[in-house]
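What follows is a short report on a single structure.
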Amino acid sequence: MLSEGSSFIRGILIGGAFCVVVTLIGHMRVGHEPAAPHEHHHVQAPDKEEVRKLSGTERMEMSRSVRVYCIILVKPKDLSFWAAVRDTWSKHCDKADFYSSEHMKVFESISLNTNDMWTMMRKAVQTAYNNHKNEYNWFFISQPNTFAVIENLKYFLLKKDPSEPFYIGHTVKSGDLDYVDFAGGIVLSIESLNRLISIFNEPDKCPETGGVIWKVSEDKQLAMCLKYKGVMAENAEDSEGKDVFNTKSVGALIKESMASDPQKVVEGCCSDMAITFSGLSPNYMQVMMYGVYRLRAYGHSFNDALIFMPPADSIND
């Protein structure tokens, strides 16, 4: 009897180990299928002097050609952030929609009926694509504690072709996978979205849920699915090589800059063309809104190469 019991337990252990191996192989196959050779490169903002050489008509046409649809993923616990984003930077998107994990009476949103972040992202992207693929050429996915300067995003995208598979933000390397960190915001061109929607129909390559043994973060899952279609994560930088999508707040970045080089507080911290900052409280978002859009230095005139007009039906700062 003891021998039979030992054999039974040994069989369970072996079977369990086999399941783990199968799951690991499944994850490896999803994330590491051979793709077209790709040399990771950093995408930079357009040169201001080149833009200034364009005629007024060309500048206006270019500024109107960049249309950004903003997707903000929210849960009930994010209500205060939700309100802050609604009242601040999201008004500068050509259109912004909140996609919630469940139906909420307090704020208008599109209910996705799931708490899983990867499933939320999939459903939100699919819904946005179905409803707006012919209206917008760039899609920005954000968390509710991220602050975005949409005009800087549009300027960055100015000379990028949305018919090319651009997938950009703040990149992170995990093994041989480069992915865009969701904390800093994710930008997809309409072509990368076309490819993503097509891979959604292949669950063996792009599963609807995470792994059986452990969960893979939504930003890594997204990168794995896009990689199958030849869409690689690209790090966005300004002309000086500074990141423009930030996964931390301004305050945190300044503290780090002061610790590493006290002589260069802001210069060593952040790009003048920064697009996002993350980890902000709702009150801090209001402070950012004041600093970015409302505070003016009397007598000072900015010589911007382009002017991005806000949506006509929005109440913008």
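Yes/no per residue for (1) open to solvent by less than 40 Å² (accessible area, probe 1.4 Å); (2) touching an Asp or Glu at 6+ places or on another chain (Cβ under 8 Å):
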{"site": "M120", "(1), (2)": "yes, yes"}
{"site": "A128", "(1), (2)": "yes, yes"}
{"site": "F140", "(1), (2)": "yes, no"}
{"site": "E151", "(1), (2)": "no, no"}
{"site": "Y155", "(1), (2)": "yes, no"}
{"site": "E164", "(1), (2)": "no, yes"}
{"site": "G169", "(1), (2)": "yes, yes"}
{"site": "D176", "(1), (2)": "no, no"}
{"site": "I186", "(1), (2)": "yes, yes"}
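This table checks each residue for (1) of a type outside the set (S, T, N, Q); (2) part of a helix (DSSP H, G or I).
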position: A183; (1), (2): yes, yes
position: S192; (1), (2): no, yes
position: L196; (1), (2): yes, yes
position: P203; (1), (2): yes, no
position: T209; (1), (2): no, no
position: V216; (1), (2): yes, no
position: L222; (1), (2): yes, yes
Kindly indicate whether any position in segment 190-203 is open to solvent by less than 10 Å² (accessible area, probe 1.4 Å), of a type outside the set (K, R) and touching a residue at least 40 places away in the same chain (Cβ under 8 Å). yes
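Looking at the structure I just gave you, is Q263 outside any helix (DSSP H, G or I) and over 19 Å from the mean Cα position of the chain (by Cα)?
Working: outside any helix (DSSP H, G or I): yes; over 19 Å from the mean Cα position of the chain (by Cα): yes.
When the stated conditions are applied, Q263 passes them.
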Residue check, K133 against (1) under 19 Å from G185 (Cβ atoms); (2) in contact (Cβ under 8 Å) with a residue 40 or more places away in the chain; (3) open to solvent by 50 Å² or more (accessible area, probe 1.4 Å); (4) of a type outside the set (A, V, I, L, M, F, W, C), all met but one. Which one? (1)
Of all residues being part of a strand (DSSP E or B) and among the aliphatic types (A, V, I, L, M) in segment 142-181, which is modelled with the lowest pLDDT? Just the residue, please. L177
For segment 108-141, name all the residues that are in contact with a strand residue (DSSP E or B) (Cβ under 8 Å, 6 or more places away or on another chain) and assigned to a loop (DSSP other than H, G, I, E, B). E108, S109, L112, E135, Y136, N137
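Would you point out which residue out of A297, A305, A312 is of a type in the set (G, A, S), part of a loop (DSSP other than H, G, I, E, B), open to solvent by less than 40 Å² (accessible area, probe 1.4 Å) and at pLDDT below 85?
On the way: A297 fails: open to solvent by less than 40 Å² (accessible area, probe 1.4 Å); A312 fails: open to solvent by less than 40 Å² (accessible area, probe 1.4 Å).
Testing whether each residue is of a type in the set (G, A, S), part of a loop (DSSP other than H, G, I, E, B), open to solvent by less than 40 Å² (accessible area, probe 1.4 Å) and at pLDDT below 85 leaves just A305.
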Going through segment 216-247 one residue at a time, which ones are closer than 22 Å to G279 by Cβ, without any contact (Cβ under 8 Å) to a residue 60 or more places away in the chain and surrounded by fewer than 21 Cβ atoms within 10 Å (Cβ to Cβ)? K242
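Can you name every one of the helices (runs of 4 or more DSSP H) wholly within segment 40-107 that holds 3 or more residues which are more than 29 Å from D272 (Cβ to Cβ) and at pLDDT below 90? Talk me through it step by step, then tell me what you get.
Details: elements: 48-52, 56-65, 79-87.
Output list is empty.
The values are calculated or read from the model by the stated rules, or taken from the named source; none is laboratory data. The shown structure was predicted, so the numbers you read here are calculated from the model rather than taken from an experiment. Positions of Cβ are generated from backbone atoms using ideal geometry, with glycine treated the same way; all protein chains shown enter the neighbour counts. Surface areas here come from the heavy atoms of the whole protein model, side chains and all, with no ligands, DNA or RNA. Shrake-Rupley method; radii C 1.70, N 1.55, O 1.52, S 1.80 Å.
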